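Written below as structure tokens is the structure these notes are about.
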Amino acid sequence: MTTFRALLLSGLVLTSVGCSGKSDSAAPADGTTGTTTDGGDVDPNSGSGTTHTVTTTLESMEFMPADLTIAVGDTVRFEMTSNHNAIEVSQDTYDQRTVARLSDGFVVEYGETAEFVFSEPGVHFYICEPHVMMDMVGTITVE
Ligand SMILES: [Cu+2]
């Protein structure tokens, strides 16, 4: 079960993603104004929530911020420098500072920028593979 969705990538990964992201849902021309639906304005899959950014630098061995709390539907944008990656892992892997990738977790490779929409509450743990032993780890808490 994947509880996040990749939005866009400036890098070269996830080339096998089959969805173009363009759902041409024949939207009617806006001749009908004022059709509001209570609570229906925000599509949890539209990525219309707040965008949070996690950055790194070449010199530092940390994610900034390392621990981030967001709301369901928010986007997290990872901006990795060429010497760091961000790989989702299990809580055990995170706690043990090892490098086993989560099979359906998010992956941001070296030097890439990627955005993910988190659609369900929960905690995501991630690491930088070459620097996990230096405590270069992070969490995304989705509330
Ligand atoms: Cu690193």
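The values are calculated or read from the model by the stated rules, or taken from the named source; none is laboratory data. This structure is a prediction, so every number in the text was calculated from the model and none was measured. Ideal geometry is used to build each Cβ from the backbone, glycine not excepted, and the neighbour counts take in all protein chains shown.
Look at region 113-136: where a residue is at pLDDT 95 or above and a partner is in a helix (DSSP H, G or I), sitting 6+ places away or on another chain with Cβ atoms under 6 Å, you get 125/91; 125/94. Quick one: would you say residue 138 is within 12 Å of the ligand (Cβ to nearest atom), assigned to a loop (DSSP other than H, G, I, E, B) and not hydrophobic (A, V, I, L, M, F, W, C)? Criteria not met by residue 138.
Output yes when any residue across region 29-48 is closer than 22 Å to residue 118 by Cα and modelled with pLDDT of 95 or more, and no when none is. Within region 29-48 (the criterion being closer than 22 Å to residue 118 by Cα and modelled with pLDDT of 95 or more), the answer is no, since none of the residues qualifies.
Yes or no, residue by residue, for (1) within 14 Å of the ligand (Cβ to nearest atom); (2) more than 17 Å from residue 61 (Cα to Cα); (3) of a type outside the set (S, T, N, Q):
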| site | (1), (2), (3) |
| --- | --- |
| 77 | no, yes, yes |
| 87 | yes, no, yes |
| 90 | no, yes, no |
| 95 | no, yes, yes |
| 104 | no, yes, yes |
| 114 | no, yes, yes |
| 123 | no, yes, yes |
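Return yes when residue 59 is acidic (Asp, Glu), within 16 Å of the ligand (Cβ to nearest atom) and surrounded by 21 or more Cβ atoms within 10 Å (Cβ to Cβ) and no when it is not. It is false that residue 59 is acidic (Asp, Glu), within 16 Å of the ligand (Cβ to nearest atom) and surrounded by 21 or more Cβ atoms within 10 Å (Cβ to Cβ).
Working carefully through the options 143, 79, find the one that is buried (at least 18 other Cβ atoms within 10 Å of the Cβ), within 18 Å of residue 50 (Cβ to Cβ) and in contact (Cβ under 8 Å) with a residue 12 or more places away in the chain. Let's see the steps before the verdict.
Numbers: 143 fails: buried (at least 18 other Cβ atoms within 10 Å of the Cβ).
Among 143, 79, only 79 is buried (at least 18 other Cβ atoms within 10 Å of the Cβ), within 18 Å of residue 50 (Cβ to Cβ) and in contact (Cβ under 8 Å) with a residue 12 or more places away in the chain.
In region 113-125, the condition of being closer than 18 Å to residue 6 by Cα, of a type outside the set (D, E, K, R) and not in a strand (DSSP E or B) is met by at least one residue. Of everything in region 58-101 that's among the acidic types (Asp, Glu) and either part of a strand (DSSP E or B) or touching a Cys at 6+ places or on another chain (Cβ under 8 Å) (or both), which residue is farthest from residue 117 (Cα to Cα)? Taking the candidates together, the pick is 67.
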